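Only the coordinates and a few stated rules stand behind these numbers; no lab work does. In this text, all values refer to a predicted model and were calculated from it rather than measured experimentally. Because the Cβ atoms are built from the backbone with ideal geometry, glycine has one as well, and the counts that use them run over all protein chains shown.
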Amino acid sequence: MSRIRDNYKTSPAGRFEAWYKDGYDPMDDCMDIHKPAEVSEENDVADVIAGLDLGDTVYDRTTNKALRISGHIYKILSVVLCVVMIGALIWMVQYLPPFGQPDNPVNNEVSERYIGSGIQETGAVNFVTGMILDYRAFDTFGESCVLFIATICVQILLRYDEAEKDPANVRRRQKAATDRIYEPKNDIILQKVSVILVPLLFIFGIYIILNGHLSPGGGFSGGAVIGAGLILYLCSFGYAKTERFFTVRTFRIISLAALITYCLAKSYSFYTGANHLESHIPLGTPGAILSSGLILVLNICVGSVVACTMYAFYTLFRKGDF
Amino acid sequence: MLDIEVLFTSHLEETVAMILFGIGFSLLLLNRNLIKKIMGLNIMDTAVYLFLTAKGYIYGRMVPILTDGITDPNAYTNPIPDGLVLTGIVVSVSVSALLLSLTIRLYDRYHTLDLDKIIMEWRKEEDA
Amino acid sequence: MDFLRNLPFFSIMLAMFTGIISSAVNGRTARRLTLTMVTAVLVMSALTLSYTEQIGESVTYLMGHFPAPWGNEIRFGTLEAFLALYFSIIMLLSVLGGWSHVITDIEAGKENLFYVLIDMMMSSLLAMIYTNDLFTGYVFVEINTIAACGMIMIRQNGHGIVAAIRYMVMSLIGSGLFLIGISLLYDVTGHLLMVPAHNAIEQIVTDGIYYTPLLVIIVLISVGMAIKSGLYPFHSWIPETYGYATPTASAILSSLVSKGYIILLIKIFYRVIGFNIVISSHVLNALFAFGVIAMIMGSLHAIMQTDCRKMIAFSSVAQIGYIYMGIGLGTKAGMVAAVFHLLTHAATKSLLFISAVGLYEVSDGRTDYLGLRNAAYRNRVAGIAFSVGALSMVGFPMLSGFISKYLFATAALEKPHKMLITLVALIISTVLNAIYFLRQVVTIYSGRPGEAASTSHFIKEAIAESTFSNRFASIALILLNLFLGLFSEAVIDLISRGLNLFA
Amino acid sequence: MKIFETFLLIGLIICALSVTFTKRMLTAIVIYMSYSLIMCVIWVILQSPDLAITEAAVGAGVTSILFFVTLKKIDGFGGDSDNEQD
């Protein structure tokens, strides 16, 4: 008898029931984050949470009836919302245009012009690049701004400056410093592999950026590849080596220069386009590296911004600095 | 009402994309662990991108890159969804990086990833 | 004269350019750059407004060399130019009113980054107002969300971070729904530009094919935008967000950010889907219902708050409810009332947040409502400003809140089966508003005026420190409120002409 | 080709579900990485090499690295004994 009950408890239905009745939440187990031994003294709430047992009568969901009911209602509502939404979406899929047919609404005069006249109008052999950097360039400029503003927000959160006196930040800095004690790890396998891989990654990234208008890829993917290469180099050789050529200053100069170039170049092209003026930028021969007008310049700008940003994300996460 | 056969023959990619969207959405809404929430967000976004990419595909056509000088629009797949997805991927990377840095700061301060616990504590303090 | 066509484009690009430059300068320079930029945008929007008033129709402006179905474009008419002008005024006054707190609330060395966020917020708001392309709309919605999140967490205390995470999670759910809505719309129409997409949708409605996906799309986009702007069941992030951010950020978040999404939603309703199709889809009834619930529940929650800023924040929940109720009426008059209330709320809520700052400054930093006792005598300008804002929210005649309530009531009379609910909800909500706002106003004026003279030393210092720009911003916002209340005819006329140009 | 694609699509769903129900964060991140890689292969099949390159570099590369760094910062590596990373 008890074995059957045990089986029921471990079965999905039993777990669902337990979760519904709030005795046990299967999601609770997902949080295998371990609380560190020392809890800082300036943080009362953290202290309380560290020794948290919801034994207090008011806030214990098992004893406080009102709280339990509202918790139930919230859970049921969210589950119902999810189920209804998935159901509605899947039910709707059958009414959509079928997959892969040439006469679907999406294959209209828009894509025809992108492909048919793309070569004369943008000079880009890769139609996707031509589309995102010329026909719909405003979107792409917005996208670069999203990346820029995300970097700004991460800097606000994680960068710390010399001027700070807040004890919480001092503690964070000490913690970051202990993270760096193990740098470089001098792992021979990692170092040998990255000696081979990092130059390859850089060359591959630069190739993707420069050939963005000729072959698959472009500024963003190339920049991400270069960024990954930088991160690998940092992991295997430590901060001392990377700081010789990449500091906050480098990051600021590169990203500012690239974004300002991007902004000005696109402003010029939007202004001439809207006022029906002649654009004085030669398109070149399609297929050559130096062709397709501004696209190459924009790709290089995006690539350098993205490479710096990815590396900056990593170092900001690791030690709150570049 | 629901024609299963249509779903799995002519709309396979879209169906899978919608299922993935639902999984990601539920993860983002229901899971209490912040890192899982961020993964849910990424799954949800990639599901939309899978849907868009599937919409750009046309049977038997080439990648939208000029080959052998053919400029006939009927020879290539649709380039528009690819462009949109490229833009979208950048947006989701930025958002994930921002959320992850918020996670680090939250953990620094409260040593937990569960927002409900923290909010419960606040209410307790307010009443006290 | 024809050169004026370029001004909306210039204002978007200028805002972004200022943002990029501001990331490399120090805090003081960044603040000056930002103020200059917002003033420039204000002037440019005013010129655009005069230009659109002269030609009397909306102008399409190419962003690139290619026309409508191929390239990006922006489009502006009377209402868009007016909204840009209005938003830049509010932005300018909010930044002016709270900048002294920005210095103290933000870690040293990161002040310029706050102004970068404000610049990007401005550019994204402008782009959301002007855009004529759905995907551009999505990208700028994301910029707006990230910038708003940055503003919330910039104080870096525990409350700020938790509030930012909750805001981000709710917003991302909203953006996810909006994104899949756009993707489906692209799938069934094949266009991302608003006007060609609208033509395709009309075709769909006459043919009847793909009509089911269209309904799902309308629901997804409406729900996504409603979540992002904080409609009632999804409001849980609002009080913490507005209550714990730095005052400038609170004012901007409550009065501008959620409004940008509503404007985009109205624009999609009118220009992409077509208002008649939206009405026949019955989505508006759901928005109406949630709006009414929000009006009452928001006010009830506000009564239960003891913290003054949280009280103002919960009042925002109720006001967002008013706006959605106006949209949900499904008539032209209801829409005009909703847009007018959007303007009212933007002016009044920023006035309340900015003047509340003036009151805390002289109350030893206490923010609970009893702690503000007698504060109005210590800072008279802030006291008057807070009272004006509160009276406007309650619907005192001559102030803007009265006009918008009047507009809602008259709009409701056109819809017989929604009339009763609307009027009852308006009355209940007004009474509840009066309870909690007048309670606060009475509190700040309770006590004898003479006490102000004999106050302790630190309060005198605080009064001396209370910045000139805060008072200036409060007075300017009072005037804006009076302007909306007294010259409402002209504004309503402008809104209804602008809505005609929207379609 | 269609069979291979179907196989990959089923793999995607399995990965997404296992991310939902995995208890250890490290495992979840690794599964998320493989989810990105499968998505990348599907995009190659769907004739979008641009996206495949980007997803391989970003989804499977940079985003996952950021997840790992976050996990390290919040001391989330390992199961019961969490001294493995030193």
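Details
- A simple packing score, the average count of other Cβ atoms within 10 Å per residue, orders the peptides A:93-99, B:71-77 as A:93-99, B:71-77, with the highest score first.
- Label-point separation, A:V84 to A:V248 (7 Å along Cα→Cβ), nm: 5.1
- For C:D368, the residues 5 or more places off, or on other chains, whose built amide H falls under 5 Å of its own are C:C308.
- Charge context of A:S292, other residues only, Cβ under 11 angstrom, K/R +1, D/E -1: -2
- Derived scalar couplings ³J(HN,Hα) [segment A:78-84; Karplus, 6.51 cos²θ - 1.76 cosθ + 1.60; whole Hz; x for Gly, Pro]: 5, 5, 4, 4, 4, 4, 4
- Debye log10 I(q)/I(0) at q = 0.15, 0.17, 0.22 Å⁻¹ for segment A:93-154, Cα point scatterers: -0.66, -0.75, -0.88
- The share of alpha-carbon pairs in segment C:276-329 lying farther apart than 14 Å comes to 52%.
- Segment C:393-422 residues near the modelled C:E489 label - backbone nitrogen below 16 Å, point 7 Å along Cα→Cβ: C:398, C:403
- Efficiency of FRET from Cβ geometry, D:I13 and A:D187, R₀ 25 Å, rounded to 0.05: 0.10
- Distance between the pseudo-spin-label points of A:K241 and A:I281 (7 Å out from Cα toward the beta carbon): 3.8 nm.
- Equivalent ellipsoid semi-axes, segment C:282-503, via Cα gyration tensor eigenvalues times 5, rooted, Å: 35, 18, 12
- Sorted largest first, the spans of the alpha carbon positions of segment B:4-127 along the three principal axes are 71, 36, 17 Å.
- Computed from backbone phi, the HN-Hα couplings of segment C:187-195 come to 5, 8, 9, x, 10, 10, 6, 5, 5 Hz, rounded to whole numbers (Karplus: 6.51 cos²θ - 1.76 cosθ + 1.60, θ = phi - 60°; Gly and Pro given as x).
- Orientation-averaged projected area, Cα convex hull of segment A:126-319 (nm²): 12.8
- Formal net charge of residues neighbouring A:F127 (Cβ-Cβ distance under 14 Å; K, R +1; D, E -1): -3
- Which of C:M121, C:M153, C:A302, positive extreme of dipole for chain C (C-beta unit charges): C:A302
- Just so you know, the Cα atoms of the protein assembly as shown work out to an Rg and Dmax of 27.9, 90 Å.
- Between the amide H of C:V59 and those of C:F76, C:G77, distances stay under 5 Å, these residues lying 5 or more places away or on another chain, with hydrogens modeled in the peptide plane.
- Sparse-neighbourhood loop sites, GluC sites (Glu not before Pro) in segment A:74-166 - DSSP loop, at most 10 other Cβ within 10 angstrom: A:E162
- Quarter of Cα convex hull surface for segment C:181-277, i.e. mean projection, nm²: 6.9
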